[in-house]
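Quick notes on the structure that follows.
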Amino acid sequence: MSDEYDNNKTYQAQSSETMGGSAPTSPDMDYVRPAEIPDQELYHGHSFITKWVFCQDAKVIGVQYFLTAVFTGIVGLILSWLMRLQLGFPGAAGFMTAEHYYQFVTMHGMIMVVYFLTALFLGGFGNYLIPLMVGARDMVFPYVNMISFWMFFIAVAVLMASFFVPGGPTGAGWTLYPPQTILPGTPGAGMGILLMLVSLSLFVIGFTMGGLNYLITILQARTRGMTLMRMPLTVWGIFTATVLAMLAFPALLVSAIMMTLDKILGTSFFMPTILQAGEVLEYGGGSPILFQHLFWFFGHPEVYIVALPAFGIVSDLISVHSRKNIFGYRMMVWAIVGIGALEFLEY
Amino acid sequence: MHPGIIFFLVILGSILFHIFTPWYWTDIASNWGGMDDTITLTFWVGGGVFVAVCLFMVYCVFKFSYKEDRKAEYKPEDKRLEKILTWATTLGVIALLAPGLIIWNQYVTVPKNALEIDVMAWQWGWQYRLPGKDGKLGTTQVININDENPFGINLDDPYGKDDVMIQSDAINLKNNRPVKILLRSVDVLHNWYVPQFRAKMDAVPGVVTFYWFEPNKTGEYEVLCAEYCGVGHYAMRGTVLVQDEQEYETWLGEQETFLDLIAKQQNLVIGDTKLAKNNNLNKE
Ligand SMILES: [Cu+2]
């Protein structure tokens, strides 16, 4: 490796320039001083519980996130089999009523996008890879990191519980458009939708804790010599996706809270004057479009929250297995950041 | 088999499938050929990039497969190539986006001679209202809706009295006459969509949305609700019959106006009206 660096002094120097403030000020860019930080007190779980259950080690948390996300992913997968079964052989399974079909579509969509992919890429790969790839000892806030996972775990538990409440899970479509979502014409408009909203809120709260950890670890805890422009593209992908998520998820959180209020307290954030079965309901003056704005302020970036870490991982995998460095690394970094910026314009 | 060959067959298969697919769009029956052109352009841009990238990968798999005495070349950047790729991508994205903006502008610019049609959606069905002799629709309010006033027309609005009411999910249109579809919903989101017209928009409770099109082929078409609206969504259908002028005028003459309805209700026993209304509601 050191031979290669020598051949490309110009490249190294160039890439350091673009980093601005975070570049080491040493005139000799190739030389990296040995770390002079004192030994850190690292987290060590001693009992089974502190080692594998309530653990603050980012690698274990990463695995926990991974396994929980894969579990929900399998539930989502089975739901998609049931949907395919109904499409291929309509009515073959007696339990596949219209209600159940819509419920399965909804749960499949929500599970795959939020509870599976987001948790897998950011929670799973993020926790496991960030400290290892940027050379940090652990996440900067290990305790918050642990809480983040358990919030996610509770969110999944609440989501799964909605399969077993009277009326079943919500069947409002994964976009949860009001007014339909909380009106009786939709399956699971009672307990089902409430559990979904509570679960989403918990997910966002838990994710915010994790996301802060990823960002601050990447910005503050990199090892000496690991400049921003030397980070693996996987970390760049996770970093940009987390920035997007930190800006986008709050919109989902407030819309979930507002809809919960509409449902329980009869407020009219999203509810205009509505006539159902010949009766004018007590709602009035709200705007269903407002929800769509909030939802898609989350929904559009969400696509890239999921895609960007995958882009980074693919880049690194191809690069490693073809035994070549990444072509146009700096351009790739700007492309990832650019996608992130453009994504908010898409909304 | 060499992975490059398998990869090539995948590319070939995708193109052949696109050409010979049995699931292509229905024949168009309105002025929105531009919509189809936009999608076709998207196919060309997307398909072109797909084929180019995949063929490049096939080439690489053959050219650079592992050889014991060959070392990978170190080439971190190439300013010129990167510039070309960036500009090509930018052009591709512009080609994907710009036509959409132009079409959208046309979509919301309604021609002056368009006939306004009030499309009222509810869980789960449609009904329609056409302007009467005065050429204007009366104003409405959801609160006003009841058995005697199914569209919620404001009773003090003089324009409303002669409105033609079609309390059925079937409506007729005149061939080659532009129509402005005014969408409203009394409960949840719906979407009045006829695939052959290549046009749709959400009906949102609380607001009136609109779009326009000009049917240019006589025949009967199916209306689909294109925004998920609850358990009955799949059954929320209707029909549109596009007719030539004469047949259309005959049909229009047979329809009931709001005044007719009020007069009829004053003459009828209330129970009978309720029955008729219920029958209508139960149809779907
Ligand atoms: Cu509908």
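Of note:
- Of the residues making up the range A:317-347, those that are more than 10 Å from chain B (Cβ to nearest Cβ), open to solvent by 30 Å² or more (accessible area, probe 1.4 Å) and touching a residue at least 24 places away in the same chain (Cβ under 8 Å) are A:337, A:339, A:344, A:346, A:347.
- For the range B:133-164, a tally of residues being within 26 Å of the chain's Cα centre (by Cα) and either open to solvent by 10 Å² or more (accessible area, probe 1.4 Å) or not assigned by TED's automatic domain parsing to the domain that holds residue B:254 (or both) returns 8.
- For the condition part of a loop (DSSP other than H, G, I, E, B), in contact (Cβ under 8 Å) with a residue 12 or more places away in the chain, within 15 Å of the ligand (Cβ to nearest atom) and of a type in the set (Asp, Glu), residue B:222 does not qualify.
- Residue match in the range B:187-194 (condition: within 14 Å of the ligand (Cβ to nearest atom), outside any loop (DSSP other than H, G, I, E, B) and either open to solvent by 40 Å² or more (accessible area, probe 1.4 Å) or more than 26 Å from residue A:172 (Cβ to Cβ) (or both)): yes
- For residue A:66, the criteria (1) within 20 Å of residue A:205 (Cα to Cα); (2) open to solvent by less than 40 Å² (accessible area, probe 1.4 Å) hold in every case but one, which is (2).
- Subset of the range B:230-245 that is within 14 Å of another protein chain (Cβ to nearest Cβ) and within 10 Å of the ligand (Cβ to nearest atom) - its residue that is nearest to residue B:120 (Cα to Cα): B:236
- Once the range A:271-291 is narrowed to residues that are more than 9 Å from chain B (Cβ to nearest Cβ) and closer than 27 Å to residue A:245 by Cα, the residue that is least open to solvent (accessible area, probe 1.4 Å) is A:291.
- Matching residues in the range B:100-131 - criterion: being within 14 Å of another protein chain (Cβ to nearest Cβ) and in contact (Cβ under 8 Å) with a residue 60 or more places away in the chain: B:100, B:120, B:121, B:122, B:123, B:124, B:125
- Inside the range B:91-122, residues that are within 16 Å of the ligand (Cβ to nearest atom) and open to solvent by 30 Å² or more (accessible area, probe 1.4 Å) make up a count of 1.
- Among the residues of this structure, residue B:202 does not count as one that is within 22 Å of residue B:256 (Cβ to Cβ), out of contact with any Cys (no Cβ under 6 Å at 6 or more places or on another chain) and within 14 Å of the ligand (Cβ to nearest atom).
- Of note, residue B:227 satisfies the criterion of being over 16 Å from residue B:116 (Cβ atoms), within 10 Å of the ligand (Cβ to nearest atom), open to solvent by 30 Å² or more (accessible area, probe 1.4 Å) and in the same structural domain as residue B:132 (by TED's automatic domain parsing).
- Any hit, the range B:13-24, residues being of a type in the set (S, T, N, Q) and either closer than 27 Å to residue B:101 by Cβ or touching a strand residue (DSSP E or B) at 6+ places or on another chain (Cβ under 8 Å) (or both): no
The values are calculated or read from the model by the stated rules, or taken from the named source; none is laboratory data. Predicted model only: the values in this text are computed from it and were never measured. Positions of Cβ are backbone-derived with ideal geometry, glycine not excepted, and every protein chain shown enters the neighbour counts. Keep in mind that these areas ignore ligands, DNA and RNA; they rest on the heavy atoms of the full protein, side chains included. Shrake-Rupley method; radii C 1.70, N 1.55, O 1.52, S 1.80 Å.
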